[in-house]
Each structure stands twice: as structure tokens, then as C-alpha cells.
Amino acid sequence: MLFQDAALSYLHFAFAFILAGALAAEAFVLRLSVDGRVARLLLRIDLFYGISAVGVIVAGVARLFWGAKGASYYASQPFFWAKMATLALIGLISIAPTRAFIGWVRRAGQDAAFAVVEADARRMRRLVMIELHLLALVPLFAALMARGIGG
Ligand code: HEM
């Protein structure tokens, strides 16, 4: 039981690190002028972001049900719900950048001289930065919920 809890904890952390790394990479790459090559790189990073998001959620849900404390512990923790709400918000915000990256790659495939208008890239960077700042709150909420603070 303790080993299982530790294994799920490891997976949860590992995916969360990849997620944060991918999001930070997007923020930096979006500072470049975006042509087809950069657009494809952004989409590739976004794929890592998406896969790690699924990983962190699956590991998190597994910890919820098969972790040491049991699901009923978390259901009564306000910071668990704050964490879920923040994650939902991040997920919603991330739809626009993902759609933009897909569109950019598609257009670059049709036009070799394709370049993203700077204002569009800046708008996506802003969204990614908002996601990153919200993501910084998630470990705080996790640490509080894990210790039953506020519950
Ligand atoms: C980006 C997403 C997430 C991040 C960055 C994250 C981060 C963390 C961190 C840092 C901890 C360790 C807290 C501590 O021991 O002090 C933790 C624990 C945990 N997380 Fe997440 N989490 C995420 C998503 C989720 C999701 C989606 C769920 C479930 C639906 C979840 C459920 C849990 C559970 C059950 C624990 C165990 C807390 C305990 O030890 O009692 N997490 N998370």
C-alpha cells in the first residue's frame, strides 16, 4: 500500500514536471517569429503538454482512489476543489493555443513563406503565461490539501 502510494506519487510528480517544462518551453519559443518550422516545434511541445496533462490527471485520480488516504478525505478538502478548479481553468485556456498551433502548421503546409502575425503569437504567449501563473498555484493548493489545511 505504501509502495503503491509512493509509485503513484512519483508518477504524479514526474508528469507534473514535464507539463510545467512543456508550458515554459512554449512561452519561450513564442518569443521567436513563428514560421512553419517554429509552428511545428510549438505543436510538438504542445503534444508533450497534452500527454503529460493526461498523465498527471490519471496519476492524480489514481492517488485519489488508491492512495493512502482514500477519496473521501479529499472530497472534504477545500484546497482539493481549488486545485481542480484551477486545473479546469488552465485546461480551458489551453484550448486556444492548441488550436492556433494546429492552424499555423496547417497553413505553413500550404504556404512555404507562411509567417504568423506578431500580434497573434503575442496573444498566444499571453495565454500560455496566464496558464503558467495559474499552474504555480496548483502545488500550493496540493500541499495545503495534503495536510488537511482549511478542511
Ligand atoms: C497539473 C496538475 C497537477 C499538479 C501540478 C499536481 C501537483 C501535486 C503535488 C505537488 C502534490 C503533492 C502534495 C504534497 O504532498 O505536499 C500532489 C498530490 C496529490 N494530487 Fe495532484 N497535481 C495535479 C493534478 C491532480 C489531479 C487532476 C488530481 C486528481 C483528480 C490530483 C490528485 C492528487 C492527490 C490525491 C494527491 C495526494 C495528496 C496527499 O498526499 O494526500 N492531482 N499533486
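The values are calculated or read from the model by the stated rules, or taken from the named source; none is laboratory data. Nothing here was measured: the structure is a model prediction, and the numbers come from that model. Using ideal geometry, Cβ is built from the backbone for each residue, glycine included, and neighbour counts are taken over all protein chains shown.
Yes or no: Ala24 in contact (Cβ under 8 Å) with a residue 40 or more places away in the chain, surrounded by fewer than 17 Cβ atoms within 10 Å (Cβ to Cβ) and of a type in the set (A, V, I, L, M)? Taking the combined requirement at face value, the residue satisfies it. Checking the stated criteria, Gly70 turns out not to satisfy the condition of being under 17 Å from the mean Cα position of the chain (by Cα) and within 13 Å of the ligand (Cβ to nearest atom).
Would the stretch 32-40 turn up any residue that is among the aliphatic types (A, V, I, L, M), touching a Phe, Trp or Tyr at 6+ places or on another chain (Cβ under 6 Å) and surrounded by 15 or more Cβ atoms within 10 Å (Cβ to Cβ)?
yes
Screening Ala136, Ala113 for residues that are surrounded by fewer than 18 Cβ atoms within 10 Å (Cβ to Cβ) and not in a helix (DSSP H, G or I) leaves exactly one candidate, Ala113. If you go through the stretch 41-72 and keep only what is in contact (Cβ under 8 Å) with a residue 60 or more places away in the chain and surrounded by 15 or more Cβ atoms within 10 Å (Cβ to Cβ), you end up with Leu42, Leu43, Gly67. Within the stretch 49-56, not a single residue is assigned to a helix (DSSP H, G or I), in contact with a helix residue (DSSP H, G or I) (Cβ under 7 Å, 6 or more places away or on another chain) and either over 17 Å from Phe17 (Cβ atoms) or at pLDDT below 95 (or both).
In the stretch 1-27, the residue that is nearest to the ligand (Cβ to nearest atom) out of those that are within 16 Å of the chain's Cα centre (by Cα) and farther than 14 Å from Arg44 by Cα is Ala16.
Does Ala119 fit the bill of being within 16 Å of the ligand (Cβ to nearest atom), exposed (fewer than 14 other Cβ atoms within 10 Å of the Cβ) and of a type in the set (Gly, Ala, Ser)? It is false that Ala119 is within 16 Å of the ligand (Cβ to nearest atom), exposed (fewer than 14 other Cβ atoms within 10 Å of the Cβ) and of a type in the set (Gly, Ala, Ser). When restricted to residues that are touching a residue at least 12 places away in the same chain (Cβ under 8 Å) and within 12 Å of the ligand (Cβ to nearest atom), the stretch 74-100 contains 12.
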